[in-house]
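First comes the structure, then the notes that go with it.
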């Protein structure tokens, strides 16, 4: 591990200049109570990416996998449902239903695509949990950092380009019919067990199973209509992911 004062975590698909890194270091120097900070991440077209984000909750994953956000017609109805349920399910639900709204004053976690940390913080809380192959390892790290008393900082003045999901850009068929990465489900199950326990993880497992079965059923109608494309691998992948969420152990 480096003996430097700061350590930069930067994805291979993120582009940062020396000026960007210097600005983040200068910002950290002026905020000694902050253990890690992140910049504003943007897509190649300039659209902002969701960072910082609220801490993921079990209920957020239930709502996400059951597709409540897409079943409710109109932004006003989504906003109303989020407002009614957020006292019970937390502000994370509001953020999921209406991106950009209901942002917590306290940062939940920062994207690991570009993250600057104090070396002393890493010495104190440890590095990334190697139990996560990918996905949610940044959320877990940020939670551990905050649990030791350090703050997280967001520096919107610094913009870093992040080519997230660029390989599927403009390919509507592959976007619509591709099974989610199995590693994402493994990480979600590990994260839920760590922070919310077995009961919450089981609830999310049921939601995932229902979601993937419904998606596969819808895809079957496309097959009968003669539009096979990548649908068969999609269905196969869905059943593989159902198996994963019930078999995976922390």
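The values are calculated or read from the model by the stated rules, or taken from the named source; none is laboratory data. Owing to the predicted nature of the structure, the values given are computational and were not obtained by experimental measurement. A quick note on method: Cβ atoms are made from the backbone with ideal geometry, for glycine too, and the neighbour counts reach across all protein chains shown.
Summary of computed values
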| quantity | calculated |
| --- | --- |
| Residues being surrounded by fewer than 17 Cβ atoms within 10 Å (Cβ to Cβ) and more than 14 Å from residue 153 (Cα to Cα) - total across region 21-30 | 1 |
| Filter pass, residue 90 being within 22 Å of residue 52 (Cα to Cα) and either touching a helix residue (DSSP H, G or I) at 6+ places or on another chain (Cβ under 6 Å) or modelled with pLDDT of 65 or more (or both) | no |
| Selected residue [free of Cβ contacts under 8 Å to residues at least 40 places away in the same chain and over 19 Å from residue 164 (Cα atoms)] from 3, 29 | 29 |
| Only listed residue being over 13 Å from residue 36 (Cα atoms) and either under 16 Å from the mean Cα position of the chain (by Cα) or outside the structural domain of residue 182 (by TED's automatic domain parsing) (or both), chosen from 120, 137 | 137 |
| Whichever residue in region 17-50 is in contact with a strand residue (DSSP E or B) (Cβ under 8 Å, 6 or more places away or on another chain), in a loop (DSSP other than H, G, I, E, B) and at pLDDT 95 or above and, among such residues, is nearest to residue 150 (Cα to Cα) | 33 |
